[in-house]
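What follows is a set of notes on a single structure, which appears directly below.
The values are calculated or read from the model by the stated rules, or taken from the named source; none is laboratory data. Quick caveat: nothing in here was measured; it's all calculated off a predicted structure. Here the Cβ is made from the backbone with ideal geometry for all residues, glycine too, and neighbour counts use every protein chain on show.
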Amino acid sequence: MPVEPLTYLSHLLEAADPVKNYTRKHLTPEIIKKYDGVRTTHGATLAHMVRNGAYNPHSICPRTGEAECYTKFVDYLDAVILDYHGVSDPAFKHPPPTFGDLNNLPFGDVDPEGKFVVSTRVRVGRSVDGFLFSTIMSKQDRLDLETKVSTALKSLTGDHAGSYYPLANMSEATRKQLVEDHFLFKNDDPVLRDAGGYRDWPHGRGIFHNANKTFLVWLCEEDHMRIISMQKGGDLAAVYKRLIQGIQAIEKTLPFAHSDKYGYITCCPSNLGTTMRASVLLKIPKLSAQKAKLDEVCAKYRLQARGLHGEHTESPEGIHDISNKRRLGLTELEAAKEMADGVAQMIAIEKSLP
């Protein structure tokens, strides 16, 4: 895929925050000299990876073009990964996938009274081994991936059985309704746009879901797949179990890109490792009014608190999207448990406040 010269993009990046923008922070003169002109087997360059950050100073991480980027541009990407994920050991190695005993999980319903948790959602990202990432994918690559993934999804059975709906054949009314109901992704993120994520839209994209929309798969948003389990209320155990069983069923026919060093490989280095985001919509109006206290709990349990509709949005009625922050260096089971423990503490504090 054509891309502007690295020297030009690095000049644009000078407008970005030198601390919070990891793309800029680690794009040193030495890195530029070492990697300018270097290409992966399928043509991904450092320029492709930093382009989204150059045009969006608020963006924080580069986007890779294929799994090979993590070895071809290792000095640059490892610097970003160590910094973003707070890893101190340069010889780090992500633990192997560990989902736990699904019939004896160390968490259950995080809100048995049903007063605080509006809904629970756990998702992972997956890349299909052997396919390029959205940064440099061609239209035919996307269509080939769509055929492969949708065929695998249509073979799911039981609670995971459902239908695949390609965006290219979807009516605008249906698409808008799915977006409004928070079931479907949009194409309005400038960071993803400038990373090549919306090229050839809407071809090669779609959504798979079961009958009651508690198990969904997004196809070709940022990653090849976003596998999602969700439902109303706080039964984290049920949501987590459904997700893991779905992942395991899909993996029987689709090989996922995985590394002994990085865990599951994704387009963005921020999602490496478990790739898991376990979250609840939590109604905590009293704690929400005490931002310092909320931030303290989040820091202790390594959680992220976002607004009702994502980062930098408001929290009407004190409803926050609370999720685990860590992806790399811990297991899937530990990531979900971290979120469950933090939410339990937030509910306890909310109850104690006058």
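Here are the numbers:
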read-out	value
Every residue from the stretch 232-251 that is in a helix (DSSP H, G or I) and of a type in the set (Gly, Ala, Ser)	237, 238, 246, 249
Selection within the stretch 258-270 - more than 11 Å from residue 81 (Cβ to Cβ), among the polar types (S, T, N, Q) and surrounded by fewer than 24 Cβ atoms within 10 Å (Cβ to Cβ)	259
Failed condition for residue 252, given (1) on the phi < 0 side of the Ramachandran plot; (2) in contact (Cβ under 8 Å) with a residue 12 or more places away in the chain	(2)
So residue 333, is it over 30 Å from residue 88 (Cα atoms) and not acidic (Asp, Glu)	no
Set 128, 80, 122, 38: member being assigned by TED's automatic domain parsing to the domain that holds residue 235 and surrounded by fewer than 23 Cβ atoms within 10 Å (Cβ to Cβ)	128
Qualifying residue in the stretch 58-66 (condition: at pLDDT 95 or above, of a type in the set (Val, Ile, Thr) and part of a helix (DSSP H, G or I))	no
Residue among 114, 130 that alone is in a loop (DSSP other than H, G, I, E, B) and either of a type in the set (Lys, Arg) or within 19 Å of residue 279 (Cβ to Cβ) (or both)	114
Given (1) basic (Lys, Arg); (2) surrounded by fewer than 17 Cβ atoms within 10 Å (Cβ to Cβ); (3) under 30 Å from residue 1 (Cα atoms), number of the condition residue 199 does not satisfy	(2)
Which numbered condition residue 167 fails, given (1) more than 23 Å from residue 62 (Cα to Cα); (2) in contact with a strand residue (DSSP E or B) (Cβ under 8 Å, 6 or more places away or on another chain); (3) without any contact (Cβ under 8 Å) to a residue 40 or more places away in the chain	(3)
Scan of the stretch 14-45 for residues that are assigned to a helix (DSSP H, G or I) and modelled with pLDDT under 95, ordered by number	14, 15
Selection count where residues are in a strand (DSSP E or B) and in contact with a Gly (Cβ under 8 Å, 6 or more places away or on another chain), scope the stretch 219-230	5
Residue identified as outside the structural domain of residue 68 (by TED's automatic domain parsing), in contact with a His (Cβ under 7 Å, 6 or more places away or on another chain) and in a loop (DSSP other than H, G, I, E, B) among 254, 328, 282	328
Enumeration of residues in the stretch 286-300 that are of a type outside the set (A, V, I, L, M, F, W, C) and assigned to a helix (DSSP H, G or I)	286, 288, 291, 293, 295, 296, 300
Index of the failed condition, residue 49 passing every other in (1) outside any helix (DSSP H, G or I); (2) within 23 Å of the chain's Cα centre (by Cα); (3) modelled with pLDDT of 95 or more	(1)
Matching residues in the stretch 198-232 - criterion: being touching a residue at least 60 places away in the same chain (Cβ under 8 Å) and out of contact with any Phe, Trp or Tyr (no Cβ under 9 Å at 6 or more places or on another chain)	199, 200, 203, 204, 220, 231, 232
Selection from the stretch 198-211 of residues that are over 14 Å from residue 145 (Cα atoms) and either small (Gly, Ala, Ser) or in contact with an Asp or Glu (Cβ under 9 Å, 6 or more places away or on another chain) (or both)	198, 210, 211
Hits in the stretch 67-77 (condition: surrounded by fewer than 17 Cβ atoms within 10 Å (Cβ to Cβ) and in contact (Cβ under 8 Å) with a residue 40 or more places away in the chain)	75
Residue match in the stretch 310-323 (condition: part of a helix (DSSP H, G or I), modelled with pLDDT of 95 or more and surrounded by fewer than 22 Cβ atoms within 10 Å (Cβ to Cβ))	no
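Each row is one residue, and each column tells you yes or no for (1) over 18 Å from residue 138 (Cα atoms); (2) of a type in the set (Val, Ile, Thr).
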residue	(1), (2)
13	yes, no
16	yes, no
35	yes, no
50	yes, yes
54	yes, no
58	yes, no
65	no, no
68	no, no
